[in-house]
Each structure stands twice: as structure tokens, then as C-alpha cells.
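Colleague: The structure under discussion is supplied below as C-alpha cells; questions concerning it will follow.
The values are calculated or read from the model by the stated rules, or taken from the named source; none is laboratory data. This structure is a prediction, so every number in the text was calculated from the model and none was measured. In this analysis, Cβ positions are derived from the backbone assuming ideal geometry, glycine residues included, and neighbour counts consider all displayed protein chains.
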Amino acid sequence: MTLQAADTISSIFAPVSTPAAKEADLAKMVLVLSAAVFVVVAGLIAYSVVRFRGRAGEQGTEPPQVYGSAQVEAAWTAVPVIIVIVLVLATGRVIHEIQAAPQPPNAVEVTVVGRQWWWEIRYPKLGVVTANELHIPVSDSGVRQPTFLTLESADVAHSFWVPRLAGKTDLIPNKTNRMWVEPHEAGTFLGQCAEYCGTQHAHMLLRVVAEPPEQFARWVEQQRQMADTAPADSGAAAGRRTFLKTACISCHTVAGTVATGRYGPDLTHLMSRATIGAGVAPNTRDRLRAWVRNPDDLKHGALMPAMQLDDEQLDQLVNYLLTLR
Amino acid sequence: MTTTQFPIAADTDESAPSVFDRLHEWVVTVDHKQLGIMYILFSLVFLVIGGIEATMIRLQLALPDNHVVSAQAFNTLFTMHGTTMVFLVGMPILAGFANYLIPLQIGTRDLAFPRLNAFAFWITCFGGLLLYSSFLTAPALFGGAPAPDVGWFGYAPLTEPTYSRGNATDYWIIGLIITGFGSIAGAVNIATTILTMRTKGMTLGRMPLFTWITLVVQSMILVAVSPLTASLILLLLDRSLGAHFFDTQAGGSAVLWQHFFWVFGHPEVYVLILPGFGFLSEIIPVFSRKVIFGYPVMVAATVAIGFISLGVWAHHMFSVGMSPAANTFFAVSTGLVAVPTGIKLFNWIGTMWGGRIQLKTPMLFAIAVLVQFLIAGITGVMLSVAPFDWQLTDTYFVVAHFHFVLVGSLLFAIFAAVYYWYPKATGRMLSERLGKWHFWLFLIGFNLTFIPQHFAGMLGMPRRVYTFLPERGLEIWNLVSSLGVAFQVAGVACFAWNLIRSYRRGVVAANDPWDAWTLEWATSSPPPAYNFAQLPVVRSARPLWDLKHPEDPDWHYE
Amino acid sequence: MTAIPMLQPTTPWTLPRRGPVGMLFFILAESAIFAVFVAAYLFYIGRSLSGPTPREVLQFPVAMTLCLLSSSLTIHLAVRALRSGATGKFLRYWVATILLGAGFLAGTAREWHELIVEHHLTISTNLFGSTYYALVGLHASHVIAGMTMLLIVAALGLTGRVRPVHVERTDVISMYWHFVDVVWIVVVTVVYVIGR
């Protein structure tokens, strides 16, 4: 699944969601003020360097010594204080609007658990468990349906950041944080972990798919299905046997089987995701095979071990995984 | 009248001291000038090492999906780069300048506790070498890094034994505890000196501004570095004795580490930049040929910064999940600290205004600081606006901001100070020609490297990532940023060559080559071991101005 | 060399003495270190997930506190004696200070022995254990450092080398000792009163 170039830029000034838009508006005001201050002060610096440059003939005499001026000090204290007051008032208002926003009853609830180096994503009220890709409904201005996220961590500190949707909020072990997003247009929005969390912090990527409510509902339905218990293909069946007999099941869950491991991502609908390894590679047969063969080749330091399978087992296993839509 | 000559004994050894004698003299010295120079040389060595680490970082990030260094190595590089630049360059070089200048500026012979001074230097040295010896240890089990890779602020629980296996983090902790002792010892010494050893007539209101700022900074070190030392001890207890201070599995709090660290970390950045302001407050007046505008306001602003900076720390934690009230409080306090900081900038402009500016190398660097610090201050205010910070924190925007403070402002100010005081310390002038090459190359390189990083941050590039993806709009900014390194390296090479060459071949410096006004210029270049033959008596903040202008001394106006 | 004229000093020029000022700055830094340990202690009150609680295992340290507080009195009297030239009396009060300090340390040792052996509370047991041993241990280590200084001075005194001219140095040490005492009052309040 390829994306057009425009979709892959995650500028904080291209918001598609309410919190990000509020932040961008405040940011623009601050930028304008800052530009004004810069122009004035830098202008004064440049002017004084040019205008008051010592000329050759003036060696040996000193200019008038000016020790200070109470009025001037008062003036250039008062103006910054006023600017700070204006900024602080605007800041306080937006902090409140974003952090104290009430959760409407129809809001989608998602729990994100940060792990080294992937995202566990659960929809507790909808019975959906997935990883690394978050699907949320687009919020109509008439009937608003924001998504409220509960953020937790299973190990070290992480940070959830999808710039076009909202500012970042940290996932901290032994602490529960909350944030919300409210996309107003459909699309796929990219983000990544924004708190250094160890070796592969750079490859803890996020994909958020905002889709119209009907499409979101279809996705939810599909995600709630159990996995196919009897794959038709014999190779896939053999792969399924391999999967259930080796240590895969101690880390991974495939709903409807004995695999109920919680340490690694839920694989029930693995093939419904665009990438693997939290964004480190596209979800294709070839990359999937390479990952299962030795995750360290794609993501050095990844906590999933190489499963020491021979080529035949590997092919069969991948055939099985490909049935997990 | 005949002159009497004492007969010289035949076996008197009049040859120059040997290399070993000279080395021995420096190793056992307790003289503030020698220790000051040793601190500065130590720092310059680590400046180059930290610079090499930065160069490797920029090489890796010049292109997306690059493979110059591994993820592990990169994480070690940015950890060591930050730790080195703050603790083994910034703190010691400023301690060195304070060491060298304070007794001269206040008209006394040495610091209050000369042996403590030597202790502080050598323990700083030891701490730095201990930290770097981690590179020599074998990689830990389970792929743990030999050298620290937890980031220069070592957030918990990444630093706990579960997630940081091996001893790398222990080197970081113990190295910093030890250099922390050095900073605290130095602070006790310098602050005591300023309060108890000023020469006759030098009331607090007649101290040079660099001395005033040093007094505030050393007091801040006592209150700010100590929390770091304490926190590191708690972390060490976790790692070595199984305590649970930051062990979230046992109920410990990761956020508590952040609070403790930033209670140190924020005042620390003011500890780093204020001495740079001190340098500017000496250099700008001399090269504008005018007294500093608003001396009492400058003192008040410095003290205000010192106090307010103790109350802003959680602006590093806006994304941690604090309450709206807490976030608002820290946004307010951070906005407040910008006011006295801005006032200082305006007073420097007021000093230049109506002056006769001489664009010698120290002044070129000082003027660059004014503009670059203006930018740094403005991006700082942007970061204080918490909702804006929620997008910008932990991104390359912050990296750009603090490099504008620590390189664009502090390092440029340090360069200015070196060009200004090198003649005093060595008796030779640095080359103006090489100085200008250094200035322009470094100015271009610095801005090429750090201006684009603001945009990378706003386009979604977080900090501390060993690579980035193509098609995220980040390539051009990272490439230009990396190209700037070449210019900076060239600039620093000019600087190093200038320092080395001028030591023997520079123009011989007079006592007072810049026609300045504070007491260090009243003695020879370099000063004798005892600083002054007769301890001076002063009546104003510019004793040499009073001497040079007996018809119009400063004490008519104070 | 520019000649600095000797202007007539208008008032006598006296600045504070460097020993006491240095010690005060040092105490400032030490206070900041203790403040972090105290903050951690207070923050973690009641948050242990398991193990013995303060109420179950701690008893208010009456004897230890009396020892340490009295030792502040004796050291103060020692310095006063030395200032007035009574070196014999100085030495007696100084040694009394050392004995009281030793009593305090013995009390700490006894308490820790009981906590570890009978109550199975160590630094790694739970958050209470971590914060308790860290804070009380930090304080005890400062008492030991103080005792070391006291012993050195006692040795010098017993060999007749301490004279009234050294009173400022003993005063500086006594400032440190008083600081350690004040910290104990804070520790007792936080650990044995608030924390229980």
C-alpha cells in the first residue's frame, strides 16, 4: 500500500484535528508576535552597529558616557511584560480548552500501551485489539465523535505524537495519561514515538487512519472476527501447526486459537495492517518472511528473537500469517 | 653611587627549568591562574571530542535511512555528546574563566581556598576520564552498550537495571557525581572569595559585572547541582542496592526523576549562559568605548534570573500529563524569566548606542551573540506557550533552540572571551586575521546547521532518532544541517591554529591592549604569581577609567 | 604598569571571614542535597506496594535525639571555652561531643540491626525501605564525616596543638555539626512523626 507524497508530511501547521488546530492557531499568533519582536530588536542591533561604528579619526577621544536612564529601563521592561501577559492569557485559555475538554458519551475510547518498540492498541468497549495502526472515525461538525485515548506504558517512557492530529502526550509506566483527537477529514496520518525509549526509538512509528464513520464501523466489525480456524491451503495449515507448537504463542495472540500471549502484538488481523515492526517495513510476504526469520535484521535490537526455523517451515508459517486478515 | 652586586656563587644553576620541572609545577599548583588555564585546556580538549561526536551524529543524519553508525552507536553518541558538552566543556571552561579572572578583577592574590581549588580541578578531571573510560569496557551482556546511551538526562525507568543492562549507566552516574563534587567545591570557593576578599573600596556595587554575575552563578550552582548529585545517588542506590526510587514496577515514579532532574537542569542552563552574559558585559562596553548602560539594572536582572530560574523547571515536562493548573503555572513563570533576560539584551544595545564601536574579533563574536541570543530567547518563549510546546517538545525544534543558546550564544561568548583575555594570560595578542576567518566560518557553519533544525522539528522529526524516513519532508533540512558542520570544523581549526601559533609568534601584548577599565588590566600580561605588587584601592566600578580620566571619574556619577 | 593611587580609605574596610562564609555556602549545597532525599521520602509515604510499614517497625528515637542535640550544646560550650582561652575545658567539652556523637551512631546501628534482622526491612524491600535507609543513611554518613573532623581536632588537642588562635577553625567545624543536628530534627519530623 503506497501513499502519495503529500500524505506523508506531518507538519504541525497542517492540522486536521481540533486540538492540533487550536495549537496551530495559537502558534501562528506567537509566531507573528515573535517576528515583530525580532524585526524590531535585530533592527536596533544592526542599526547601532552601523551608525555607531568608530571612525578612524576618533581614536583617542571617548564618546559621552551614559550610565543609564530610568525611563528607558521602565519602557523596555513594560513592553515585554505586556507581551508576556498577552501570551500567558492566550496560553492559559488553550491549555484549558484542550486539557479540560469534556468527553462526549459517543466518543470512541482507545487504550494505547507503549512498549519497546511498538504500540499496543485496544478498544475496550468495542472488543478490538490491534497494534501500531490506529483507526478512528472522522468527526462530523454536526454530530461530533472525537476519540479519547488512554495512554499507558508497559516498560519505559514513550510519547504519542501524530503532529497533524494533536500535540504529544507521554506514555509513562505506573501513570495513566489521557488525550483526545478529533479528525475532520479522512486520511492516513503519520507519527512516531517522541520520547527516547531505547535502541529502536526511531522506529516506533504510528499510522492513524481516519475514515468515515460507516467505514470505521466496518473495520471494527472485521477486527472483532476470530481468526480462520481451518485454512484451506495445506501449506498454511502446516504453518498454523508450526505457529501453535512453537514459542510464538507465548508472546502473540491469535483470537480463536490457543495463542493468547500478551508480550508481542496481536496477530489476529495482521494482514489488515500496512506495515510490520511498527513501521520499519511494509507488510509484504517478502518482508514478513525476513522479519520472522530474524527480526534483528530489520530492526536491530528488537525484542522478538529469531525463531530458528528452516526455509520450509518459514514459508509455511508465512503462508499461514498471510491468512490472518 | 656604586651599585652593589652580590657575588653569584659558581654553582648556581641558571638554566631554564626542564620540561619535568615545568610539568611538576603545573601538576602541584594551587595558583588560580594556572588552575584556570588548566580548566580551560581540559575543556577545549573535550570540546573537540564532543565536536567529533556531533560530527558523527550529523553524518548519520545527513541522509534518510543512513548506515554510517548503528542505532546503538548513535544512541551512545548523542548521550556522550550532550553529557560532554554540558559537564566536561561548559561547566569547566566557565569555572576556568572564573578561576582566572575573579581574583584579578577584585584585586586580590588568589581564591579563598587554593588547595580546594586544585582539588576541584583534579576531581573534575577524574570524573571526565572515568566517564570516558566506559568506551574501553567490553560490551555488556544482552547487547547493552559499553558507553552510556540513556540520553544526557537519563530518564527513568530507562536507566533502571532492567532496561539499562551492564555498567554503562553506572559510568554515567558516577562520573557525574564526581564532577558534581568538583562544581560544588569550586562554587564554595569562588562565592566565598567574592564575598570576603574584595580589595579596599570595592563594595558590591563597584564589582565588575562579570564578578557580580559569577557570584550569582556560583550560588546557583550550590542550589542546582546538588539536586543532581542527590538524584544520581538515588539512582545509584536503585542500580546497585536494589532500591526502588524510580522503579515503576515497585510503585516508584518515573515523573519524580524528571522533576528532580529538571530542578537541576533548568537552573543549570542559566548557570551555563549567565557567565557568557558576564563576558558580554565586559567586552561590549570596552569595544563601544562606553560604560555599561544601567549597571544596577543589570545586577538586578541577573539576580532576578537567578531566583526565577529556580521556578520554571517543569516547562521541560509539559507533555508528561500534569494538570492544567500546573502547566499554566510553569508557562507563566517561564514567560516571566524572559523579561529580565530581555532587559539585559536591551542594556547591551543601549551600551553600543552612541558609542564608537570597534569591530575587533571579540566584538564580532559579541554582536553575533546578541542576534543569536535574540533568536534563542524568542524560540524559548515559543516553547513556554504550553500548547505550542506540546507539538514542539522533544523535537528538533528544541534541539535548535538550545543549540542557539549553548553554541550561538554561550560558545560565541566564550570565543569572544578567549580573544579578549588571551593577551592577558599569555602576553601575546591573537591574530586578528585568523580571528576573522574563525568568526565568519563558524558563523556560517553554526547557522547552516541549526536554523534548518527548527523546520525539521515543525515537520515532525523527534529528537534522539538515529535515522528518519524518506518522503517525510525532512531530507533537505537534515542535509543542509549536516553541511554546516564542515564550516564549523574549519572555523574551529582556525581557532586552534590561532591559539597555538600566537603563543610564540603573536604580537607582544601590553598590560592593557584594549584600553579597558577593570583591575585585571592594571597588572602585567601575563600577571606575576602574586597578581599585584600593591593591592589596589578603588572608588568605582571602573578604576582604570578613573585613572585615565581624572577630570571625569565614574564616582562623580555613582 | 599603571600605578594605582592609594586613595584615602574613608571607612575601615572589613569583610566577613572566609572560613565561616565558606562553610555557610557548603551548608547551602548540602541542604539542597538533603532536600531532594526528604522530598523523595515525603512523596513516597504510603505508596509502598508491600512489606513492613513505618508504623509497624519504627519507634521514636528518643535517646539518639537527646545525644545529638546535647552534642550541639557541648560543642558550642567547647568553642566558647577555647575563645576565652580555657583549652582544658575546650578539650573536655570537645571529647564529650565526640562521645555523644558516638552514642548517636551506636543508636543508629542498633536500630538498623533490629530492622534488618527482626523486621526484614532492607533498602530493597519496598519504597519505605528505600527512602528510609537512604535518608537516615545520608544523615548518618554526614555524622560520620563530622566525627572524623572532631576526632582529628581531638587528637591535635590532646597533643597540645590546639590554641585559642585556632578558635575560628573549631567554630567552622561546629557550624557543620550544628547543621547536621538541624538536619536530624528535620529527619526525625519527616520519618518518625509525619511518616508514621
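Colleague: Please specify each residue of the stretch A:170-200 satisfying the condition of being under 20 Å from B:Y396 (Cβ atoms) and within 12 Å of the chain's Cα centre (by Cα).
Modeller: Of everything in the stretch A:170-200, those that are under 20 Å from B:Y396 (Cβ atoms) and within 12 Å of the chain's Cα centre (by Cα) turn out to be A:D170, A:F189, A:L190, A:G191, A:Q192, A:C193, A:A194, A:E195.
Colleague: Which ones in the stretch A:69-83 are part of a helix (DSSP H, G or I) and facing chain B (nearest Cβ under 8 Å)?
Modeller: The answer is A:V72, A:E73, A:W76, A:T77, A:P80, A:V81.
Colleague: With (1) more than 23 Å from B:Y420 (Cα to Cα); (2) at the interface with another protein chain (Cβ under 9 Å from one of its Cβ atoms) as the list, and B:P553 as the residue in question, which single condition is left unmet?
Modeller: Looking at each condition in turn, B:P553 falls short on (2).
Colleague: Still on this model: Looking at (1) over 20 Å from C:F26 (Cβ atoms); (2) part of a helix (DSSP H, G or I); (3) touching a residue at least 60 places away in the same chain (Cβ under 8 Å), which one does C:D181 not meet, given that it meets all the others?
Modeller: The one condition C:D181 does not meet is (1).
For (1) in contact with a Ser or Thr (Cβ under 9 Å, 6 or more places away or on another chain); (2) more than 15 Å from B:G380 (Cβ to Cβ), each residue gets a yes or a no:
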| site | (1), (2) |
| --- | --- |
| B:I283 | no, yes |
| B:F293 | yes, yes |
| B:V299 | no, yes |
| B:G306 | yes, yes |
| B:S323 | no, yes |
| B:A331 | yes, no |
| B:N347 | yes, yes |
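Colleague: May I pose another question? What do you reckon, is B:F153 over 22 Å from B:A243 (Cα atoms) and surrounded by fewer than 24 Cβ atoms within 10 Å (Cβ to Cβ)?
Modeller: Taking the combined requirement at face value, the residue does not satisfy it.
Colleague: Conditions: (1) of a type in the set (F, W, Y); (2) within 14 Å of chain B (Cβ to nearest Cβ); (3) touching a residue at least 40 places away in the same chain (Cβ under 8 Å). C:F43 meets all but one. Number of the miss?
Modeller: (3)
Colleague: Suppose we filter A:V41, A:V32, A:V86 for residues that are crowded, with 18+ Cβ neighbours inside 10 Å, part of a helix (DSSP H, G or I) and not polar (S, T, N, Q); which single one remains?
Modeller: A:V41
Colleague: For the stretch A:87-99, does any single residue satisfy the condition of being among the hydroxyl-bearing types (S, T, Y), more than 26 Å from B:P387 (Cβ to Cβ) and at pLDDT 95 or above?
Modeller: Scanning the stretch A:87-99 turns up no residue that is among the hydroxyl-bearing types (S, T, Y), more than 26 Å from B:P387 (Cβ to Cβ) and at pLDDT 95 or above.
Colleague: Hey, among the residues in the stretch B:517-543 that are surrounded by fewer than 21 Cβ atoms within 10 Å (Cβ to Cβ), among the aliphatic types (A, V, I, L, M) and in contact (Cβ under 8 Å) with a residue 12 or more places away in the chain, which one's farthest from the other protein chains (Cβ to nearest Cβ)?
Modeller: B:A529
Colleague: Has the stretch A:201-213 got at least one residue that is over 25 Å from A:N294 (Cβ atoms), within 11 Å of chain B (Cβ to nearest Cβ) and buried (at least 22 other Cβ atoms within 10 Å of the Cβ)?
Modeller: Looking for residues that are over 25 Å from A:N294 (Cβ atoms), within 11 Å of chain B (Cβ to nearest Cβ) and buried (at least 22 other Cβ atoms within 10 Å of the Cβ), one finds none in the stretch A:201-213, hence no.
Colleague: In the stretch B:230-262, how many residues are more than 16 Å from B:Y163 (Cα to Cα), over 26 Å from the mean Cα position of the chain (by Cα) and more than 8 Å from chain C (Cβ to nearest Cβ)?
Modeller: 1
Colleague: Something else about it: Considering each of B:G166, B:G175, B:G182 in turn, give the residue that is out of contact with any His (no Cβ under 9 Å at 6 or more places or on another chain), within 14 Å of chain C (Cβ to nearest Cβ) and of a type in the set (G, A, S).
Modeller: From the options B:G166, B:G175, B:G182, the qualifying one is B:G182.
Colleague: Another question about this same structure. For A:R93, which of the numbered conditions (1) more than 9 Å from chain B (Cβ to nearest Cβ); (2) in a helix (DSSP H, G or I); (3) within 18 Å of the chain's Cα centre (by Cα); (4) not acidic (D, E) fails to hold?
Modeller: (3)
Colleague: Next question. Counting just the residues of the stretch A:96-114 that are of a type outside the set (A, V, I, L, M) and part of a strand (DSSP E or B), which one comes out nearest to the other protein chains (Cβ to nearest Cβ)?
Modeller: This residue is A:G114.
Colleague: Taking the stretch B:216-229, which residues are among the polar types (S, T, N, Q), surrounded by fewer than 24 Cβ atoms within 10 Å (Cβ to Cβ) and either closer than 10 Å to B:F264 by Cβ or more than 8 Å from every other protein chain (Cβ to nearest Cβ) (or both)?
Modeller: Across the stretch B:216-229, the qualifying residue is only B:T229.
Here's the yes/no breakdown for (1) outside the structural domain of A:L33 (by TED's automatic domain parsing); (2) surrounded by 15 or more Cβ atoms within 10 Å (Cβ to Cβ); (3) closer than 30 Å to A:V30 by Cβ; (4) of a type in the set (S, T, N, Q):
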{"site": "A:G54", "(1), (2), (3), (4)": "yes, yes, no, no"}
{"site": "A:G60", "(1), (2), (3), (4)": "yes, no, no, no"}
{"site": "A:P64", "(1), (2), (3), (4)": "yes, no, no, no"}
{"site": "A:T77", "(1), (2), (3), (4)": "no, yes, yes, yes"}
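Colleague: When only residues in the stretch B:449-460 that are among the aliphatic types (A, V, I, L, M) and under 20 Å from B:L406 (Cβ atoms) count, which is surrounded by the most Cβ atoms within 10 Å (Cβ to Cβ)?
Modeller: Filtering first and then ranking leaves B:A456.
Colleague: Hey, can you tell me all the residues within the stretch B:197-209 that are more than 9 Å from chain C (Cβ to nearest Cβ) and either without any contact (Cβ under 8 Å) to a residue 40 or more places away in the chain or of a type in the set (D, E, K, R) (or both)?
Modeller: Passing the criteria: B:T203, B:L204, B:R206.
Colleague: Further question on the same structure: List the number of the failed condition for A:S250; all other conditions in (1) small (G, A, S); (2) on the phi < 0 side of the Ramachandran plot; (3) touching a residue at least 24 places away in the same chain (Cβ under 8 Å); (4) not assigned by TED's automatic domain parsing to the domain that holds A:L134 hold.
Modeller: It is condition (3) that A:S250 fails.
Colleague: Hand me the list of strands (runs of 3 or more DSSP E) wholly inside the stretch A:115-233 holding 1 or more residues that are among the β-branched types (V, I, T).
Modeller: By residue number, A:118-123, A:128-131, A:133-137, A:147-153, A:169-171, A:177-181, A:187-192, A:205-211.
Colleague: Looking at B:V271, B:V297, can you tell me which residue is more than 14 Å from chain A (Cβ to nearest Cβ) and in contact (Cβ under 8 Å) with a residue 40 or more places away in the chain?
Modeller: Only one candidate passes the filter, namely B:V271.
Colleague: A further question on this structure: Would you say A:F148 is free of Cβ contacts under 8 Å to residues at least 60 places away in the same chain and touching a Ser or Thr at 6+ places or on another chain (Cβ under 8 Å)?
Modeller: No; evaluated as a whole, the condition is false for this residue.
Colleague: If you check B:I194 against the conditions, is it more than 11 Å from chain C (Cβ to nearest Cβ), assigned to a helix (DSSP H, G or I) and within 17 Å of B:G306 (Cβ to Cβ)?
Modeller: No; evaluated as a whole, the condition is false for this residue.
Colleague: Sort out which residues of the stretch B:300-333 are polar (S, T, N, Q), more than 7 Å from chain A (Cβ to nearest Cβ) and either in contact with a Cys (Cβ under 7 Å, 6 or more places away or on another chain) or assigned to a helix (DSSP H, G or I) (or both), and write them in order of number.
Modeller: If the condition is that a residue be polar (S, T, N, Q), more than 7 Å from chain A (Cβ to nearest Cβ) and either in contact with a Cys (Cβ under 7 Å, 6 or more places away or on another chain) or assigned to a helix (DSSP H, G or I) (or both), then B:T302, B:S309, B:S333 are the ones that fit.
Colleague: In the stretch B:481-512, what residues are buried (at least 16 other Cβ atoms within 10 Å of the Cβ) and either under 29 Å from B:L544 (Cβ atoms) or modelled with pLDDT under 95 (or both)?
Modeller: B:F495, B:N498, B:L499, B:S502, B:G506, B:A509, B:N511, B:D512, listed by residue number.
Colleague: Then there's this: Would you tally the residues in the stretch A:88-104 being in contact (Cβ under 8 Å) with a residue 12 or more places away in the chain and either touching a strand residue (DSSP E or B) at 6+ places or on another chain (Cβ under 9 Å) or over 17 Å from A:A21 (Cβ atoms) (or both)?
Modeller: 4
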